[in-house]
Structure formats: C-alpha cells, structure tokens
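First the structure, in the form of structure tokens, and then the observations on it.
Read-outs: derived from the displayed coordinates by stated rules, not from any lab. The structure displayed is predicted, hence computed values, not measured ones. Please note: Cβ atoms are built from the backbone with ideal geometry, for glycine as well, and neighbour counts cover all protein chains shown.
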Amino acid sequence: MPTDSDHDGNSPSDPDLLTALTNAGWLLEQTVAHVLADADCHPRLGWAFQDVDDPNKSRELDVYGYRQVLRDEDAQVIVATKFLVECKQSTMPYVAVGRTLPAWQFKRQPTQHKIPVEELRFKIPDSKSSRLKPAWEVLGFADIARQCGEDYFRATQLTRLERESANWSATNNGIFTSLVHPLAKAIRAAQRDYKGLANFSSVGKRKRFVYFDLIFPVVVTSAEIIVVDTTSREPVVLRPKWTTARRQLETESIKGVFDFDVVNEASFSECVADRLGFADAIAAAVASDPLRYTGETWEPPMLEASDL
C-alpha cells in the first residue's frame, strides 16, 4: 500500500491534502454529519430536492438530519425533527446585527415548523360569535420554547468581515443567494409532503398518522460568530456560541418570515442538543393528550376578559 513518503510533486502530502479539503469546506460537512449521527439524527449528505421555482432543477442541501422523537401508535401521532444544514468554511468572522423583538411576534408558530392545527377557537362571552387564537401560543409551545432557552433576539443582518491591510470591512455579498434563499427553499421542500389534518376527511375516525414537524435550519461555519445587539441605542458586541437570524421573503413561490441558527462548528453539537431538548419537551406535552394537541378533541373554552 502506498504511504505518505511515496508522493511526488504531482501528488499532495496527506497534511496538504487535508488542509486543501478543510479550506474548501468539504470536511466541515463530514463533521456536521458525525454530530448529527451521534445525536441519532440519521444524516444524509448532499440531500437533493426539487427547486420550488423551477421543477426541472435539482437543488442540494449540504446535510439533512432526521429524528423521530415521538410515535404514538394509538393516537397515530408523530413528533419529528429535521435539521437542514448549510456549511460555510471561513477564516473571517460572521457578524449578526439585530435586536430583541416584542413578545407578540412569537405567538404564532415559526414558519419552519408544521403542526396539525394553526389556530384554535374560543367562545366570546354573551355572544354566539367566536375568535381564533394561535395554537402555538394556546397549546403552550411558545412557553416551552422560552423554558428551553429561546430568547427574542433576532439578527436581521448577517455579514462577513474581511481584512484589508490594517482595516476591517463588512460585506453581505452572497449571504442571501448562498444561505438565506437556499435554506428557505430547503424548508419548503422538507414541508412538501407534510401530513397534517388537512390531508384527511373530517368524516369518520382518522386512519393515518399526523405529524408535528419541527424543522431546524442551521448555518454551520468554521468562523467566529459575533453579535451586535442594537436593542438599545448603544450597540453591544457579544461573542455567543450561536445566534438566530430572521429574514422575510416575498416571492411568488416562497413567502414567510424564516428563522435560522448561525453556529460555530465547535458548538454545533451543543446547538443540536439544545434544539432536541426543545423537541423532546414538545413531544412530552403532545404525549400527555395527543388528540387535544392535534385539535381533534379541542373544546372551545370561553375567552378571558383580558382577551376581549
């Protein structure tokens, strides 16, 4: 078998080869796959999906991971997680600029998640009318997110720093086209075959599984993550292990407000564990009364006076 000493000028040494692959980002994808495998998330590298804008085009996500955290055979309910990961090799830091958003923006389910019922009905006192409220809030999922460490900070700008001689500059060239838009397309592709209550007739007992699909889009980078928090007038610079960015998209095929995590590769395993902890908490809640959480046995309660 040839050894490292056998290479010549036309063949790289093993260290040179590994350095070249690392700089190109190919090994980062393998690292991500190992982390997802260790978390029992069954990774697939180079996950292909149909472009939502052009059905004749095949797109590719760097790494896809899937894990089923609850399967209730009697209630025919499944809670599943999907990790959609884009990998970015960079020696220069990524900077996320944002602020803490008001709590009302987190009452509805995040665009990337799919649950069987989006709104639940409440009775209005002394009236035959009723009002709908977001199921994400009513069922306690928003509270579970906060209990699992979710905060209201969202980065609205993501930029990469570059060093020019003694000066630093910031650029977002390629951020939208290579990160945000592809991840949004991957989310929609992952939701394409979603099995919710809308797939079934309301007549008779449901005979197929419905899903709570918790989708976690992530950008994993070798670069340092820097956050500039502009919640107050005086910006605060932080260096967290990861942060969450938010972008709104309005195209003919993709509409919505999309959240995605940006994490340094050294902290990716911790990020995965954090998101799985949230998924486990959702699964525990659903397991306690599955058909209530699907909305199938929901009995409209009376609105509180504070909601009128």
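Some points to look at:
- Dipole of the chain, positive end: most advanced residue of ALA283, ALA166, LEU303 [Cβ charges, Cα centre]: LEU303
- Per-q log10 I(q)/I(0), the stretch 13-307, q = 0.08, 0.09, 0.17 Å⁻¹ (Debye; single scatterer per alpha-carbon; no solvent): -0.39, -0.50, -1.53
- Gain in span if fully extended, THR19 to LYS107, counting 0.36 nm per residue against the direct Cα distance: 27.1 nm
- Between VAL228 and ALA284, the modelled labels are 4.0 nm apart [label points 7 Å from Cα along Cα→Cβ].
- More than 15 angstrom apart: percent of Cα pairs within the stretch 72-115: 72 percent
- Gain on full stretching of the segment that runs from ARG99 to LEU197 - 0.36 nm per residue minus C-alpha separation: 31.7 nm
- Principal axis extents of the C-alpha atoms in the stretch 87-246 (largest first, rounded to whole Å): 70, 37, 24.
- Remark: spin-label model distance LYS57-HIS42 equals 3.0 nm, labels positioned 7 Å along the Cα→Cβ axis.
- Straight-line reach from LYS205: taking Cα to Cα under 19 Å and skipping same-chain neighbours fewer than 8 places apart, the aspartates and glutamates in range are ASP72, GLU73, ASP74, ASP289, GLU296, GLU299.
- Counting charges near ALA186 (Lys, Arg +1; Asp, Glu -1) among other residues having Cβ under 10 Å from its Cβ returns a value of +1.
- Remark: for residue pairs LYS114/LYS207; LYS57/LYS255; LYS133/LYS207; LYS88/LYS185; LYS114/LYS255; LYS82/LYS185, the C-alpha separation exceeds 24 Å in LYS133/LYS207.
- FRET efficiency estimate (nearest 0.05) - Cβ-Cβ, LEU238 to LEU303, R0 35 angstrom: 0.30
- Per residue of the chain, the DSSP helices (runs of n ≥ 4 H) give a summed -39500 (n - 2.57) that works out to -7000 deg cm²/dmol at 222 nm.
- Most mobile listed residue (ALA190, ALA283, ALA166) in the chain, GNM with C-alpha springs under 10 Å: ALA166
- Compared with the dominant principal axis of the Cα atoms in the chain, helix 26-38 is inclined by about 40°.
- Of the trypsin sites (Lys or Arg not before Pro) in the stretch 210-298, the ones in a loop by DSSP (not H, G, I, E or B) with at most 13 other beta carbons within 10 Å are ARG233, LYS241.
- Within the shell of other residues whose beta carbon sits under 9 angstrom from the beta carbon of PHE106, the net charge comes to +1, with Lys and Arg scored +1 and Asp and Glu -1.
- Helix 14-24 axis, angle to the chain major axis (alpha carbon atoms, nearest 10°): 50 degrees
- With both labels modelled 7 Å from their Cα along Cα-to-Cβ, the SER178 to GLU118 distance reads 3.4 nm.
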